[in-house]
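K.L.:
A single structure is presented below for examination.
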Amino acid sequence: MIIRLAKQEDIEDLINMWKKLSDFHKNFPNYMTPSLGWKNMMRQLYEEDLISSSRAIFIAKDYYKSAGFLRVESRVNSRIFATAIIGYISDIYVEEQYRGTNVAEKLFIEGINWFRSKGIYSVRLNVNPENTRAINFYNKLGFKEVNKTLSMAIDV
């Protein structure tokens, strides 16, 4: 298993894995259904990620098979706060047959090393409160809950 930065030839695999990640969340409250043009938008986003200095995608490869990915980015905080830039993990996905094999941990190590190389020492992510497997995994890595996101539907 190797973990490396994604390349142009990985984009279709990344799109397919992102769709599986999205589908996994269908059973959670407040699921956001992808739009009709999601596939082209994801392709464009990933192509931009490949050349961006503030975003990166790491992919896990088992020979020629993609096993998972991690998407990270640096985000500019308000200048009101002392921490001007924070790290953000926007997506992590591991193919089902590779879960429990440390692929996610290896992806996270690469992401954390990327943040360090950028001088970023505060990392955040969002997780659905019903996704207990992910929450347990993040807690094991040292993440702590710092905020809650609340949502309200407004009648039309």
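The values are calculated or read from the model by the stated rules, or taken from the named source; none is laboratory data. In this text the structure is predicted, and so the values were computed from the model without any measurement. Glycine also receives a Cβ, built like all others from the backbone with ideal geometry; neighbour counts cover every protein chain displayed. Each accessible area value is taken on the protein alone, full model and side chains, heavy atoms only, with ligands, DNA and RNA left out. Shrake-Rupley method; radii C 1.70, N 1.55, O 1.52, S 1.80 Å.
K.L.:
Would you mind telling me which numbered condition in (1) closer than 23 Å to residue 85 by Cα; (2) at pLDDT below 95; (3) not in a strand (DSSP E or B) residue 75 fails?
P.N.:
Checking residue 75 against (1) closer than 23 Å to residue 85 by Cα; (2) at pLDDT below 95; (3) not in a strand (DSSP E or B), the one that fails is (3).
K.L.:
So which residues in the stretch 4-30 are under 16 Å from the mean Cα position of the chain (by Cα) and open to solvent by 40 Å² or more (accessible area, probe 1.4 Å), if there are any at all? Working first, answer last.
P.N.:
Start the filter on the stretch 4-30 by keeping residues that are under 16 Å from the mean Cα position of the chain (by Cα), which leaves 4-6, 10-11, 13-25.
Hits for the stretch 4-30 are 4, 5, 13, 16, 18, 19, 20, 23, 24, 25.
K.L.:
In the stretch 24-59, what residues are outside any loop (DSSP other than H, G, I, E, B) and aromatic (Phe, Trp, Tyr)?
P.N.:
24, 38, 46, 58
K.L.:
Which is of a type in the set (Ser, Thr, Tyr), on the phi < 0 side of the Ramachandran plot and open to solvent by 90 Å² or more (accessible area, probe 1.4 Å), of 149, 132? So that I can check it myself, show each step before the final result.
P.N.:
Details: 132 fails: open to solvent by 90 Å² or more (accessible area, probe 1.4 Å).
None of the others qualify; the one that does is 149.
K.L.:
Going through the stretch 1-37 one residue at a time, which ones are out of contact with any Phe, Trp or Tyr (no Cβ under 9 Å at 6 or more places or on another chain) and of a type in the set (Phe, Trp, Tyr)?
P.N.:
28, 31
K.L.:
Which of (1) more than 17 Å from the chain's Cα centre (by Cα); (2) modelled with pLDDT of 95 or more; (3) surrounded by 15 or more Cβ atoms within 10 Å (Cβ to Cβ) is the odd one out, the single condition residue 92 does not satisfy?
P.N.:
Among (1) more than 17 Å from the chain's Cα centre (by Cα); (2) modelled with pLDDT of 95 or more; (3) surrounded by 15 or more Cβ atoms within 10 Å (Cβ to Cβ), the lone unmet condition for residue 92 is (1).
K.L.:
Additional query: Might you let me know whether the stretch 100-115 holds any residue that is modelled with pLDDT under 95 and of a type in the set (Lys, Arg)?
P.N.:
no
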